[in-house]
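Asks: Here it is, the structure, as structure tokens.
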Amino acid sequence: MTERVREILSWYAGSNPGTLTNLARMLNHGVLGGTGKMVILPVDQGFEHGPARSFAPNPAGYDPHYHFKLAIEAGCNAYAAPLGFLEAGAAEFAGEIPLILKLNNSDVLYETPDPCSSITGSVADALRLGCAAIGYTIYPGSALRNEMYEALRDLSEEAKSAGLAVVVWSYPRGSGISKDGETAIDVVAYAAQIAAQLGAHVIKVKPPTAALEQKEAKKVYEAQQIPIETLADRIRHVVQASFNGRRIVIFSGGAKGSDEKVFDEVRGIRDGGGFGSIIGRNSFQRPRAEALKFLDTVMKIYGGQIK
Amino acid sequence: MTERVREILSWYAGSNPGTLTNLARMLNHGVLGGTGKMVILPVDQGFEHGPARSFAPNPAGYDPHYHFKLAIEAGCNAYAAPLGFLEAGAAEFAGEIPLILKLNNSDVLYETPDPCSSITGSVADALRLGCAAIGYTIYPGSALRNEMYEALRDLSEEAKSAGLAVVVWSYPRGSGISKDGETAIDVVAYAAQIAAQLGAHVIKVKPPTAALEQKEAKKVYEAQQIPIETLADRIRHVVQASFNGRRIVIFSGGAKGSDEKVFDEVRGIRDGGGFGSIIGRNSFQRPRAEALKFLDTVMKIYGGQIK
Amino acid sequence: MTERVREILSWYAGSNPGTLTNLARMLNHGVLGGTGKMVILPVDQGFEHGPARSFAPNPAGYDPHYHFKLAIEAGCNAYAAPLGFLEAGAAEFAGEIPLILKLNNSDVLYETPDPCSSITGSVADALRLGCAAIGYTIYPGSALRNEMYEALRDLSEEAKSAGLAVVVWSYPRGSGISKDGETAIDVVAYAAQIAAQLGAHVIKVKPPTAALEQKEAKKVYEAQQIPIETLADRIRHVVQASFNGRRIVIFSGGAKGSDEKVFDEVRGIRDGGGFGSIIGRNSFQRPRAEALKFLDTVMKIYGGQIK
Amino acid sequence: MTERVREILSWYAGSNPGTLTNLARMLNHGVLGGTGKMVILPVDQGFEHGPARSFAPNPAGYDPHYHFKLAIEAGCNAYAAPLGFLEAGAAEFAGEIPLILKLNNSDVLYETPDPCSSITGSVADALRLGCAAIGYTIYPGSALRNEMYEALRDLSEEAKSAGLAVVVWSYPRGSGISKDGETAIDVVAYAAQIAAQLGAHVIKVKPPTAALEQKEAKKVYEAQQIPIETLADRIRHVVQASFNGRRIVIFSGGAKGSDEKVFDEVRGIRDGGGFGSIIGRNSFQRPRAEALKFLDTVMKIYGGQIK
Amino acid sequence: MTERVREILSWYAGSNPGTLTNLARMLNHGVLGGTGKMVILPVDQGFEHGPARSFAPNPAGYDPHYHFKLAIEAGCNAYAAPLGFLEAGAAEFAGEIPLILKLNNSDVLYETPDPCSSITGSVADALRLGCAAIGYTIYPGSALRNEMYEALRDLSEEAKSAGLAVVVWSYPRGSGISKDGETAIDVVAYAAQIAAQLGAHVIKVKPPTAALEQKEAKKVYEAQQIPIETLADRIRHVVQASFNGRRIVIFSGGAKGSDEKVFDEVRGIRDGGGFGSIIGRNSFQRPRAEALKFLDTVMKIYGGQIK
């Protein structure tokens, strides 16, 4: 157990030893194990975007085992997926990588300005599949946000008492905010805060832009001259908004982009004190060998072997 | 146990000894312990207004430990916050200050004319975190008021049977009343009455203005010549509306204003027979030393050391 | 146990002995105990109309103990109030007067053409407070009537199995009927019938006017020459509509009016075979001595000592 | 509400208002209503001793209605019986006398040195029958005492939360003590203490003799010179052993004896500060007129009209 | 919060913040508050030994209020008693001293070589009475030990999840050991270990003698030359057996003895690193003024003001 992991665990003193154990399982696994940094492979796009959009670019990804193997071989800290994907591999790969069961998911066969995901798994499922954590998505900005917060509250209480960790995807979205506002720095920082206040152990948000969405917030950012120019600045602010760094915040890799763009983003996250990345499409939508190399570079940036 | 605290507890003879014990824990703690007056530090603005608007003016406040320490060092009677903030410090500061778990919260990433907070914590959470009370916000005047009253009823029954106290933030807001009406004396007195009838042990309202919102009420205030000219008059009326003083009513400190304005307000609350203040932004949005001095003055006004 | 009370209880042979016991507790208590007539003090106006409109005319009424004492000293059969008011005195006045816990309430800070009260208490609350009955308001004529009927059904079933009596305030109101229609004889009789069909043991309606609201009903009233000219006629008809007198029907005292007007109304209720009055504002909005004298007269009219 | 009843209720401040209400119902009913003294009619002998032993001496007593009427006409404070007897009359006599449902009973068709009663009713039964209290028998001294204490604990918690009072018959019996020991002063005082510590509101024991059963206790009685010579002395000691008089202790009338013997015993109970009697066989095993006269004398002794 | 209390709480990092809060409430209350030493007043002897043996030496003790007052005035850290005694004062003394509800008790009207206490209270009782902890007695050495361990396990799990602390009286007794063995050093150390392994937060044992009961243990004590000559030696060993001092171990005061004998024992406990005393009979069996002086001396020995 490294000093850094010990320090991180100390922020969760109010949690029970089971939850600490599961946090440690994720923090200590894989290439970045012990550094306090995390790279997680999430694969819920099959549900969220449909199979062809998700897996046709690299058809090996239609197979659930592919993602288990990719996460294991790449040395990710954890692998996150919906019920079906985990049920299809949890036995075969038992003990090889910490698992996160995504407990809610949303498909795009019906779209609405105020989205709300469906609950698709349970804490009991997470336990029987040997997971280290549950995952849950909230959409601050949606008219249905309260339904999601309340369902999270219930699941979270149950998960915590069973010694699981709680990972919250906090994605602002809905009629309360603009499209650009979804990644505006004030909104992303707010989304991180909401997840933290709802009791998340690990928070996942998108890397924020320098946009400012809310009028009242804009005034404060300008008056207080909060630095938001570089990505590192903005990451630093989001980490601050996550209980001054007392909660693990990781950032999504987003849609597939050029590798250098992603690596630069990872550098920004690292330099701003972010705890890591959760990278789906950029990992599994390319051939396995490329993906392993890509993830290796990401981890080396976090590990400091690459500047 | 002072005579005054004993007198206050006598008003709650219908409550079980556990609830009396937790009321006493709050009434007997801190600088004002035993006087029957209370100053509570509430920090739910991170959720309610967003992190930057809340904490950028004094960035130390991004850290959940900051508020525990502030409340403890200032000698507040209790510290109130949502689940995440309490989970992030309840173990480290166990036994140092009575805690109130705010069980519902509302963010402003989605706004609506008829607000309704989300339930973000449970009675079981309050017990495992060692809280003395649950806190809950209602918005009389909102089309969704009944949903809030009914959820409060359920939580309140459970909390009371487990020996916790119930603190209700009664904030008129919604399409049923005007913006000015939110703090009009008739509306604030009515909001206090609603909270009391719903079974609150401690009621929090805003300091009322001399405005009169409702036509039928206005007639009565004028016909009966109810004194509402000075703040002390109005506080006296709100205390009267809270079961003739048989329920503890405290007043919010509101947005950050000039110190003298706040101190005058505190004098008005004290002179009108109010039981104290619940002061968030005016406390934590300034540097620690200033905040301690500020709260010290507030407590001295309540304690009578300052006229 | 008088013959009359025994006769009244015989109408409820389908109810369990606990419910009969609690009906008897109310019928046998106070000045009218044993006569089969009832005068009940209800004080829910603090919640329903606001504290100043309710209590400023007689400020002693801000204090919850005032109403317990008034009901006890006046010799009322029971005292009905919401959760907060009962919690604030049930221990102190335990055993001195039968209590009715009003389980739903509505405030006027948000008004809507189709009102629906909020549930503000439970059957468990009624038991722990030592009540003889639950009270519940329905608004026939409101678009939300079914929500209210269904919630009543659930509460009523639970209350009856715990041996409590069920008192239903049946107040036609909402977009389905006109303002005058709220007290039209056809509507009031219909409201009494609905309450009776919903399983109420005691029904409270407003004294009806001679107006006829519904076209189809009007035809019948005229064709059948149903006598509705005098108040006594109309009361007789409402009693008839309440299972031919096999359910206790009592009448609200309404807004404060001249004493003689109220006394005449009481005479009409008595002469038409009504079972009594539930008089709030006319009782507690005047000084205590006057109120006691006023209620004494009302009871003497029911008791026959005053013609 | 007399001062004395108010004083007695003040000893139960830890109980909810419902329980206080039901204690008041018993204390305020009947000839001794308001005096703080109680005479209760218990009829569980049909189950405990068999019907002929119980009712043949006065065959009217085979009829359950007989006992309701006797208790009502004699002006007893309450009537206690098992499920069947109460079900057979609770509707017909609803509201005429407070009822106590005996929740456990034992028959003598199977006898054993270490008796344990069977649970024969529930708290739900008590509520649907309109009872003011549950009754329960424990046999300290029996090898099965713990089973009885634990069942009482469960029933008692449920009854208290539903606002009922708890009456405990504490009858030492079993292989742990001798036959004479069952009524020895040290054992009876101990039995009263056990019932009080188990949370009983009202305790029923047998009038104690001057015998001392337990060696260790005997030493103390002698060393401390505890007065146990007269019945009044011993009653005083039992009352002291019942939380220094802060719990209502009543005494059983025992097997049918000469009237003067019973009256002398009642005088002893009264003079020693006992709260009353619970008299079964001496009441119902004689003709009705005699029984009424007998009970009238008992009540007059308690009331002080007879020296 | 003193460093010492913080250190003690750090040993319970696996407990939730509610339990830490309740441990802190006890550690911080009274004369020894903050020192890490505790003196607790337990009064369960009325149930365990009978009322006269317990209270006749100082008859004021028959009154439940006496013990609340004694514990409060003496400045004890907590007051422990069965359900009845706590129900009889918890409302009146709410908030004045931390309470421990003894959840099982045993009387001596039936004695058996293999004792087993009866469960006489619940975790829900502890919460509604405002207790800081539950108390529970186990009898290692009894044939029925497993029934007791298993009931403790259930109650303990429930208590811990509700944020209460668990205090275990571990009293070796039963056919498995000799009378002298009950206080033999090997047995007492073993009893402390069992309580600690069962999850107790606070362990109460009797001060051990230098006797060695079990043959296999004796060999080790002799081979390893474990120092057990002085009481301080033996206390040190028991503390060691309680997780090397990571669990609070307190020692019973035993039967009333000469003051100097008790004070010497307290010195031994202090010098051996024990955490304090739980002193019943030696406190409440003497006149109040003497008891206060006696407890003052005990506390001064623990506090170090008296050598």
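No value in this document is a laboratory result; all are computed from the given coordinates. Treat the numbers as computed from the prediction; the structure is a model and nothing was measured. Please note: Cβ atoms are built from the backbone with ideal geometry, for glycine as well, and neighbour counts cover all protein chains shown.
Asks: So how strong a dipole does segment C:214-307 carry about its Cα centre when Lys and Arg Cβ are +1 and Asp and Glu Cβ are -1, to the nearest 20 debye?
Replies: Values: 17 positive and 11 negative charges, 51 e Å.
Result for segment C:214-307 is approximately 240 debye, rounded to the nearest 20.
Asks: Can you figure out the FRET efficiency of C:S178 with D:L292, using R₀ = 56 Å and their beta-carbon distance, to the nearest 0.05?
Replies: Values: r = 62 Å, r/R0 = 1.11.
Step by step, r from the Cβ atoms, then E = 0.35.
Asks: Still on this structure, I have one more. Distances from A:Y110 to the same residue in each other copy, label points 7 Å out along Cα→Cβ, in nm, shortest first?
Replies: Inter-copy label distances (nm, one decimal, shortest first): 1.6, 2.6, 6.0, 6.2.
Asks: Taking +1 at the Cβ of each Lys and Arg and -1 at the Cβ of each Asp and Glu, which of B:L99, C:A291, B:G34 sits farthest along the dipole of the protein assembly as shown towards its positive end, judged by Cα position relative to the Cα centre?
Replies: B:G34
Asks: Still on this structure: Using the Cα centre as the reference, give the magnitude of the dipole from point charges on the C-beta atoms of segment A:36-152 (Lys, Arg: +1; Asp, Glu: -1; all else neutral), rounded to the nearest 20 debye. Can you show the working numbers first?
Replies: Values: 6 positive and 13 negative charges, 55 e Å.
Dipole size: approximately 260 debye.
Asks: Turning to a different aspect of this structure: For chain B, set up a GNM with springs between Cα atoms under 10 Å and report which of B:F251, B:F68, B:F243 has the largest fluctuation.
Replies: Most flexible of the set in this elastic network: B:F243.
Asks: Shielding by partners for B:2-13, please: the mean number of other protein chain Cβ atoms within 10 Å of each residue's Cβ.
Replies: On the way: counts 0, 0, 0, 3, 4, 0, 0, 4, 1, 5, 5, 11.
Taking all residues of B:2-13 together, the mean is 3.
Asks: Continuing with the same structure: So for the protein assembly as shown: antiparallel DSSP bridges make up what percent, rounded to the nearest 5?
Replies: Details: 10 of 150 bridges.
Antiparallel bridges: around 5 percent, rounded to the nearest 5.
Asks: Residue by residue through C:93-105, how many Cβ atoms from other chains fall within 10 Å of the Cβ on average? Can you show the working numbers first?
Replies: Working: counts 5, 19, 14, 6, 2, 1, 3, 0, 0, 1, 1, 3, 5.
Mean inter-chain Cβ contacts per residue within 10 Å come to 5.
Asks: OK, next. How far is C:S10 from the same spot in each other copy, in nm, shortest first, if each label point sits 7 Å from Cα toward Cβ?
Replies: Going from nearest to farthest copy, the values are 4.7, 5.0, 8.1, 8.2 nm.
Asks: Evaluate peptide E:56-62: per residue, the Cβ atoms of other protein chains within 10 Å of its Cβ; return the mean as an integer. Please report the intermediate quantities before stating the final value.
Replies: Values: counts 11, 3, 1, 5, 1, 1, 11.
Average neighbour count from other chains, rounded to a whole number: 5.
Asks: May I pose another question? Compute, for the protein assembly as shown, the length of the dipole vector about the Cα centre, with Cβ point charges of +1 (Lys, Arg) and -1 (Asp, Glu) only. Units Debye, rounded to 20. Walk me through the numbers before you get to the answer.
Replies: Values: 160 positive and 165 negative charges, 440 e Å.
Using only the charged Cβ atoms, the result is roughly 2120 debye.
Asks: May I pose another question? Over chain E, what is the relative contact order in whole percent, taking alpha-carbon pairs under 8 Å and six or more residues apart?
Replies: 17 percent
Asks: Taking a ≥ b ≥ c as the square roots of the eigenvalues of the Cα gyration tensor of the protein assembly as shown, is the shape rounded (a/c under 1.5), prolate (a/b larger than b/c) or oblate? Show your work: numbers first, answer last.
Replies: Working: a/c = 1.86, a/b = 1.16, b/c = 1.60.
Judged from the Cα gyration tensor, the protein assembly as shown comes out oblate (a/c at least 1.5, b/c at or above a/b).
Asks: Next question. Using a 10 angstrom cutoff on alpha carbons, build the Gaussian network for chain D and name the most mobile of D:V31, D:V220, D:V262.
Replies: D:V220
Asks: Now a separate question. Separation between the C:S161 and E:E157 pseudo-spin-labels, each 7 Å from Cα along Cα→Cβ, expressed in nm?
Replies: 2.8 nm
Asks: How much length is gained on full extension from A:H65 to A:S122, taking 0.36 nm per residue of separation minus their Cα-Cα distance? Display every interim value, and only then the final one.
Replies: Details: separation 57, 0.36 × 57 = 20.52 nm, distance 2.18 nm.
Stretched out fully, the A:H65 to A:S122 stretch lengthens by 18.3 nm.
Asks: Cα gyration tensor of segment E:45-189, axes a ≥ b ≥ c as square roots of the eigenvalues: rounded (a/c below 1.5), prolate (a/b > b/c) or oblate? Show your work: numbers first, answer last.
Replies: On the way: a/c = 1.96, a/b = 1.33, b/c = 1.48.
It is oblate, given that a/c is not under 1.5 and a/b is not larger than b/c.
Asks: Would you calculate the separation in nanometres between label points at E:F263 and D:Q225, each defined as 7 Å from the Cα along the Cα-to-beta-carbon direction?
Replies: 3.1 nm
Asks: For each pair in D:K215/E:K256; A:K179/A:K215; D:K218/D:K307, compute the distance between the two Cα atoms and list the pairs where it is over 22 Å.
Replies: With Cα atoms farther than 22 Å apart: D:K218/D:K307.
Asks: Please give the contour-minus-distance gain from A:A210 to A:K307: 0.36 nm per residue of separation, less the Cα-Cα distance, rounded to one decimal in nm.
Replies: 32.5 nm
Asks: If you don't mind, there's one more thing I want to ask. Excluding same-chain residues fewer than 8 positions from E:K69, which lysines have a Cα within less than 16 Å of its Cα?
Replies: Excluding near neighbours in sequence, the set is E:K293.
Asks: Run through the other copies and list how far each one's label point is from that of E:G245, in nm with one decimal, shortest first; the point sits 7 Å from Cα along Cα-Cβ.
Replies: In ascending order, 3.4, 5.2, 5.4, 8.8 nm.
Asks: Say each of A:D271 and C:F243 gets a label point 7 Å from the Cα, pointing the same way as Cα to Cβ; how far apart are those two points in nm?
Replies: 8.1 nm
Asks: Ranking D:H49, B:H29, B:H65 by Cβ neighbours within 10 Å, fewest first, what do you get? Could you put the intermediate results ahead of the total?
Replies: Numbers: D:H49 14, B:H29 21, B:H65 17.
By the 10 Å Cβ count, ascending, the order reads D:H49, B:H65, B:H29.
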